[in-house]
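Enquirer: Following this message is one structure expressed as structure tokens.
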Amino acid sequence: MVGIVIVSHSSKISEGVVELSSQMAGDVKVLSAGGTDDGRIGTDAIKIKESIEKANDGDGVLVFADLGSAVMNAQLAIDMLDEDLQKKVLIANGPIVEGAVVAAVQASIGNNLEEVKQSAEESKNMNKI
Amino acid sequence: MITSDILLRIIENMVNTIKENKDYLTELDAKIGDSDHGINMDKGFSAVLEKLPSLKEKDCGTILKTVAMVLISKVGGASGPLYGTVFLKGAAVVQDKMEINEEDAVAIFDEAIKGVKMRGKAEKGDKTMLDALIPAYEDFKDSIENGEDIVKASYNAQKAAYEGVEYTKEIIAKKGRASYLGERSIGHQDPGATSSYLLLKTIWKTLDEI
């Protein structure tokens with residue numbers, strides 16, 4: 001099953017997104033990598049790397065990131081992974097709340113990494129009103 | 001020639017420079033960013049200071065790589081992965097070497113800039129640290145190629161970086177949080193370019209004192 005990692009500057013945001021998306025798909029590994037290790041606003045490539053490793057059960061991991069350095073640190077985290085795992089990790093170019101919920105549902109029904117990523121990215125076109 | 005001992009002294013002085021300029025860098029960032037540049041850099045470099053005793057007798061590659069990993073894990077903002085990449089790319093050039101010669105120094109500078117461009121997807125003129133680093137690299141490389149010693153070359157590099165910082169006042173930010181401000185970012189110098197200049201100045205000052 002595809003795993004999911006949520007990267008945010010705020011650990012409250014990433015933990016909240018994990019909580020929300022896990023509610024929709026309990027079996028999927030959705031992990032939070034938010035804030036710095038001393039509780040400040042920011043992102044931490046090492047924490048992201050470790051979360052990706054934990055979220056992977058062989059079918060790869062989709063990463064969601066919020067602003068600026070979150071994306072940069074997610075890319076750096078991927079560069080630091082073992083080569084085999086590197087090929088199975090993608091960053092979703094989509095919103096982290098809606099995207100993560102869609103991705104969790106898609107992962108839970110056994111879709112592959114590319115399919116989960118595509119569905120998550122389509123969520124940016126969802127109409128709310 | 002920069003021995004591993006001198007390299008450690010440069011890094012220790014960098015820690016002090018960042019600490020002394022913590023508030024200044026944060027004030028600059030408050031004008032066009034998220035007011036954390038000085039705080040973040042100081043967090044990272046203070047953590048580097050704790051690692052320095054364990055790096056005595058180590059090769060230059062190990063020293064630079066250790067600094068990189070600490071900055072990556074401790075800084076928190078975009079400057080973590082960016083400065084982390086600078087040191088990581090530099091580490092690869094001098095892996096297992098106990099000293100950095102002039103040629104290595106040019107190569108470290110070159111690799112570091114390529115790394116920052118790749119990681120930050122930025123170019124010269126985007127109002128980033130590259131506006132200090134690229135002119136500094138160009139003057140450093142020219143100086144070495146013209147037979148200047150490493151002290152004079154690093155003096156020229158920090159001077160070019162200073163002029164690069166001044167230039168960032170005139171341009172619009174295209175990267176990072178400041179890019180949300182558009183025209184309003186004009187008139188303010190870039191905090192990242194400023195910290196890059198301060199670090200380059202520290203390299204020159206350390207070498208000049210030896």
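The values are calculated or read from the model by the stated rules, or taken from the named source; none is laboratory data. Since the structure is predicted, the reported quantities are computational estimates derived from the model, not experimental observations. Glycine gets a Cβ as well: all are built from the backbone with ideal geometry, and neighbour counts include every protein chain shown. Please note that ligands, DNA and RNA were not included when accessible areas were found on the heavy atoms of the full protein model with its side chains. Shrake-Rupley method; radii C 1.70, N 1.55, O 1.52, S 1.80 Å.
Enquirer: Given the conditions (1) under 15 Å from the mean Cα position of the chain (by Cα); (2) free of Cβ contacts under 8 Å to residues at least 24 places away in the same chain, report the number of the one that B:Y83 does not fulfil.
Expert: (2)
Enquirer: Residue by residue through segment B:27-51, note down the ones that are of a type in the set (D, E) and surrounded by fewer than 16 Cβ atoms within 10 Å (Cβ to Cβ).
Expert: Passing the criteria: B:E27, B:E50.
Enquirer: In segment B:119-147, how many are farther than 27 Å from B:I186 by Cβ and in a loop (DSSP other than H, G, I, E, B)?
Expert: So the count comes out to 2.
Enquirer: Pick out the one residue from B:A160, B:A132, B:A136, B:A173 that is open to solvent by less than 10 Å² (accessible area, probe 1.4 Å), in contact with a Ser or Thr (Cβ under 6 Å, 6 or more places away or on another chain) and away from chain A (no Cβ under 14 Å).
Expert: Among B:A160, B:A132, B:A136, B:A173, only B:A132 is open to solvent by less than 10 Å² (accessible area, probe 1.4 Å), in contact with a Ser or Thr (Cβ under 6 Å, 6 or more places away or on another chain) and away from chain A (no Cβ under 14 Å).
Enquirer: State whether one or more residues within segment A:104-111 are closer than 22 Å to B:M118 by Cα, of a type outside the set (D, E) and open to solvent by less than 50 Å² (accessible area, probe 1.4 Å).
Expert: No, the conditions are met nowhere in segment A:104-111.
Rundown of residues vs (1) farther than 25 Å from B:S179 by Cβ; (2) of a type in the set (D, E, K, R), yes/no style:
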| residue | (1), (2) |
| --- | --- |
| A:S10 | no, no |
| A:V28 | yes, no |
| A:V97 | no, no |
| A:N112 | yes, no |
| A:K128 | yes, yes |
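Enquirer: Let me ask you something else. Looking at (1) open to solvent by 20 Å² or more (accessible area, probe 1.4 Å); (2) farther than 13 Å from B:G115 by Cβ; (3) within 14 Å of another protein chain (Cβ to nearest Cβ), find the lone condition where B:A92 falls short.
Expert: Among (1) open to solvent by 20 Å² or more (accessible area, probe 1.4 Å); (2) farther than 13 Å from B:G115 by Cβ; (3) within 14 Å of another protein chain (Cβ to nearest Cβ), the lone unmet condition for B:A92 is (2).
Enquirer: While we're looking at this one, here's another question. Filter segment B:174-210 down to the residues that are over 16 Å from B:I11 (Cβ atoms), modelled with pLDDT of 95 or more and either among the hydroxyl-bearing types (S, T, Y) or in a helix (DSSP H, G or I) (or both) and list them by number.
Expert: Selection gives B:P191, B:G192, B:A193, B:T194, B:Y197, B:D208.
Enquirer: Here's a follow-up. Going through segment B:75-118 one residue at a time, which ones are among the hydrophobic types (A, V, I, L, M, F, W, C) and outside any helix (DSSP H, G or I)?
Expert: B:V75, B:A78, B:V94, B:M98, B:I100
Enquirer: Answer yes or no as to whether A:I96 is open to solvent by less than 70 Å² (accessible area, probe 1.4 Å) and either touching a helix residue (DSSP H, G or I) at 6+ places or on another chain (Cβ under 7 Å) or away from chain B (no Cβ under 14 Å) (or both).
Expert: Here the answer is yes, as A:I96 does meet what is asked.
Enquirer: On to the next question. When you look at B:K58, is it part of a helix (DSSP H, G or I) and open to solvent by 60 Å² or more (accessible area, probe 1.4 Å), yes or no?
Expert: no
Enquirer: Further, regarding this structure: Could you list, in sequence order, all residues of segment A:55-80 that are open to solvent by less than 10 Å² (accessible area, probe 1.4 Å) and away from chain B (no Cβ under 14 Å)?
Expert: If the condition is that a residue be open to solvent by less than 10 Å² (accessible area, probe 1.4 Å) and away from chain B (no Cβ under 14 Å), then A:A55, A:G60, A:V61, A:L62, A:V63, A:F64 are the ones that fit.
Enquirer: Would you mind finding the one in B:I72, B:I18 that is in a helix (DSSP H, G or I), more than 14 Å from every other protein chain (Cβ to nearest Cβ), surrounded by 18 or more Cβ atoms within 10 Å (Cβ to Cβ) and β-branched (V, I, T)?
Expert: On inspection, the qualifying residue turns out to be B:I18.
Enquirer: Please find, among A:V89, A:V7, A:V2, the residue that is within 14 Å of chain B (Cβ to nearest Cβ) and either open to solvent by less than 20 Å² (accessible area, probe 1.4 Å) or at pLDDT 95 or above (or both).
Expert: The match here is A:V7.
Enquirer: Separate question: Can you confirm whether segment A:41-54 contains a residue that is within 14 Å of another protein chain (Cβ to nearest Cβ) and farther than 15 Å from B:S73 by Cβ? Quick ask: steps written out before the conclusion?
Expert: Applying the first criterion (within 14 Å of another protein chain (Cβ to nearest Cβ)) to segment A:41-54 yields A:41-51.
Subset that is farther than 15 Å from B:S73 by Cβ: A:41.
Yes, there is a match, as at least one residue in segment A:41-54 is within 14 Å of another protein chain (Cβ to nearest Cβ) and farther than 15 Å from B:S73 by Cβ.
Enquirer: For B:K152, only one of the following conditions fails: (1) more than 27 Å from B:I11 (Cβ to Cβ); (2) assigned to a helix (DSSP H, G or I); (3) open to solvent by 20 Å² or more (accessible area, probe 1.4 Å). What is its number?
Expert: Just one mismatch for B:K152, condition (1).
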